[in-house]
Amino acid sequence: MMRVLSVVLSGGVGSRLWPVSRQAFPKPFMKLGGSTLLQQAIERGQACGAGELMIVTNKDYLFLTKDVLKQVSQPPETTLLLEPEGRNTGPAIALAALQCVRQFSGDTVMLVLPADHLVPDTAAFAASASVAIGLAAQGSLVVWGIHPTGPDTSFGYIEVEHLARESQPAKRVVARLDAEAAQESLATGRSYWNSGMYCFTADAILAAFEQHAPEVLSAARAALDTSQANGNAVQFDPKAFSLQADVSFDDAVAARAGNVHVVPATFGWSDAGSWPSVAQVNSPDANGNTMPSDVVAIDTTGTHVQVDSHGPKIVATLGVHDLVIVDTPDALLVAHKDSAQGVREIVDVLKARTHETIHLPAVVHRPWGTYASLKEEDGYKVKRITVKPGEALSLQYHHQRAEHWVVVRGTAMVQVGDVEHKTLPGEYRYIPLKERHRLTNIGTDELVLVEVQCGAYLGEDDIVRLADTYGRV
């Protein structure tokens, strides 16, 4: 039987989806429709007959990715390519193809799926994937084309002889166009949006790189040759990896190759690239609003509301129309839908201010669990900390703060100095300034505690790690 490998590209910050998507918790890990976008991409590949999975992601997202894999009912055999920094889709696909040949064979069909797309009808996608896989087996580079709804400048374009329900050769693949060029392309009636989903054999795509972007392939090969395998994870030497060009697959190969074939999408699709596109995948009420049922909406139409709070919160709207309102514990976005593409400009301003809301989410995920800041004023900060069963924070101390821990759920082992204390719900431990300490969940359920920090400086960088399970010393 033909081997199909699902290659999921799980990168990109998704700045237009701020304040939910952030550098330390980007778009693939957002939940839409009950599960993360990354989990949906994994299961989409499985539905197409992919027996193995390869995920290309940043090394900092390793533990987040492992958490998602635990949510898949029957997780496939998985290889993780852990990038030390982003290098765009061109190098990512080249690395995946080289690893595919090394691990499997050159005739393996690679189903390349971005981890940040919404495709509600998995069965319809799998049906079209069978067509794509057949074309790929014959040597074509296959791309899914999306019927355009307007001159969107955030997508690439594929020109064909005529729009049809059947697959056909592409006449031209172009990267993103400006508004005028996009309008001209659509006016021809022969253009699809480029979905960024591809299908080809490893041999076919490596031959295309060799012909059209040999420098990309050479740098990827050098990066892979100096990599190290750690279990199912491939880790790259940062210097060798950085020598790769930052280039998209479309610019490096698809726009130059002559054997690109288009399979038109016969299924619903969204790149979930902006808040209006997220709103479109939700069912609107009679007034066109997409919002939780407890939102008080008076004289409100066409408005999307999303609320992520540490506790119960009432959101009310009055006399507003066509807005996006996204409320998180540490940031609030209010934008007109027509301006929502400009959210990245807000992120640019916050980046210039070095504001932590572009990097850390309200609930910060760590390999051992999560923490969330509930309250902070001069001299103290209150946090909620969760620890997964069997996991432990690093052995550490702080120069400028003392800590008070109260367990509210689960069973903790609290080390203070050289003494360990089993700590149950309702019990309290004090961590003096500069005292070595460690927190471990020794129970079978999630450990939850409230931490009160007291000191003149309460920054996250006031941590001296002495020992750490996750190699962060």
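The values are calculated or read from the model by the stated rules, or taken from the named source; none is laboratory data. This is a predicted model, so every value here is computed, not measured. Here the Cβ positions follow ideal geometry from the backbone for every residue, glycine too, while neighbour counts run over all protein chains shown.
Okay, here's what the table says:
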quantity: The lone exception for LYS66 - which of (1) assigned to a loop (DSSP other than H, G, I, E, B); (2) without any contact (Cβ under 8 Å) to a residue 12 or more places away in the chain it fails; calculated: (1)
quantity: For GLU83: the one exception among (1) within 19 Å of GLY196 (Cα to Cα); (2) surrounded by 23 or more Cβ atoms within 10 Å (Cβ to Cβ); calculated: (1)
quantity: Residues of the range 375-399 satisfying the condition of being surrounded by 16 or more Cβ atoms within 10 Å (Cβ to Cβ) and not charged (D, E, K, R); calculated: ILE385, THR386, VAL387, ALA392, LEU393, SER394, LEU395, GLN396, TYR397, HIS398
quantity: Tally of residues being out of contact with any Leu (no Cβ under 8 Å at 6 or more places or on another chain) and surrounded by 15 or more Cβ atoms within 10 Å (Cβ to Cβ) across the range 222-240; calculated: 3
quantity: Test: GLY369 is surrounded by fewer than 18 Cβ atoms within 10 Å (Cβ to Cβ) and not hydrophobic (A, V, I, L, M, F, W, C); calculated: no
quantity: Residues located in the range 20-36, provided they are more than 12 Å from ILE358 (Cβ to Cβ) and under 8 Å from the mean Cα position of the chain (by Cα); calculated: LYS27, PRO28, PHE29, MET30
quantity: Members of the range 410-431 that are in contact (Cβ under 8 Å) with a residue 12 or more places away in the chain, in contact with an Asp or Glu (Cβ under 9 Å, 6 or more places away or on another chain) and loosely packed, with under 15 Cβ neighbours inside 10 Å; calculated: GLY417, TYR430
quantity: Residues of the range 268-302 satisfying the condition of being over 25 Å from the mean Cα position of the chain (by Cα), modelled with pLDDT of 95 or more and of a type in the set (Ser, Thr, Tyr); calculated: THR300, THR301
quantity: Unique match (being in contact (Cβ under 8 Å) with a residue 60 or more places away in the chain, β-branched (Val, Ile, Thr) and touching a Ser or Thr at 6+ places or on another chain (Cβ under 7 Å)) among VAL56, VAL4, VAL20, VAL101; calculated: VAL20
quantity: Search result, residues across the range 187-221 that are over 23 Å from SER105 (Cβ atoms), surrounded by 21 or more Cβ atoms within 10 Å (Cβ to Cβ) and of a type in the set (Ser, Thr, Tyr); calculated: SER191, TYR192, SER195
quantity: Matching residues, the range 45-80, being surrounded by fewer than 24 Cβ atoms within 10 Å (Cβ to Cβ), at pLDDT 95 or above and of a type in the set (Gly, Ala, Ser); calculated: ALA47
quantity: In the range 153-192, the residues that are under 24 Å from SER339 (Cβ atoms), assigned to a loop (DSSP other than H, G, I, E, B) and not small (Gly, Ala, Ser); calculated: THR153, PHE155, ARG176, LEU177, ASP178
quantity: Whichever residue in the range 17-48 is polar (S, T, N, Q) and not in a helix (DSSP H, G or I) and, among such residues, is farthest from LEU95 (Cα to Cα); calculated: SER35
quantity: Some residue of the range 373-385 being part of a helix (DSSP H, G or I) and β-branched (Val, Ile, Thr); calculated: no
quantity: Residues of the range 7-16 satisfying the condition of being modelled with pLDDT under 95 and either assigned to a helix (DSSP H, G or I) or out of contact with any Ser or Thr (no Cβ under 7 Å at 6 or more places or on another chain) (or both); calculated: GLY12, SER15, ARG16
quantity: Residue count, the range 224-273 (criterion: closer than 13 Å to ALA92 by Cα, among the acidic types (Asp, Glu) and not in a loop (DSSP other than H, G, I, E, B)); calculated: 1
quantity: Residues satisfying the stated conditions in the range 41-81, i.e. farther than 17 Å from ALA123 by Cβ and among the acidic types (Asp, Glu); calculated: GLU52, ASP60, ASP67, GLU77
quantity: So GLY150, is it under 17 Å from ARG256 (Cα atoms), part of a loop (DSSP other than H, G, I, E, B) and out of contact with any Cys (no Cβ under 7 Å at 6 or more places or on another chain); calculated: no
quantity: First in the range 176-199 and closer than 27 Å to ALA92 by Cβ and touching a residue at least 40 places away in the same chain (Cβ under 8 Å), second anywhere and of a type in the set (Asp, Glu) and surrounded by 13 or more Cβ atoms within 10 Å (Cβ to Cβ), Cβ under 6 Å, 6 or more apart; calculated: SER191/GLU159
quantity: Evaluation of VAL464 against (1) under 32 Å from the mean Cα position of the chain (by Cα); (2) of a type in the set (Val, Ile, Thr); (3) over 29 Å from LYS59 (Cβ atoms) (one fails), failing number; calculated: (3)
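Matching residues to (1) in the same structural domain as THR65 (by TED's automatic domain parsing); (2) farther than 25 Å from HIS355 by Cβ; (3) touching a His at 6+ places or on another chain (Cβ under 7 Å):
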residue	(1), (2), (3)
VAL408	no, yes, no
VAL419	no, yes, no
GLY426	no, yes, no
TYR430	no, yes, yes
LEU458	no, no, no
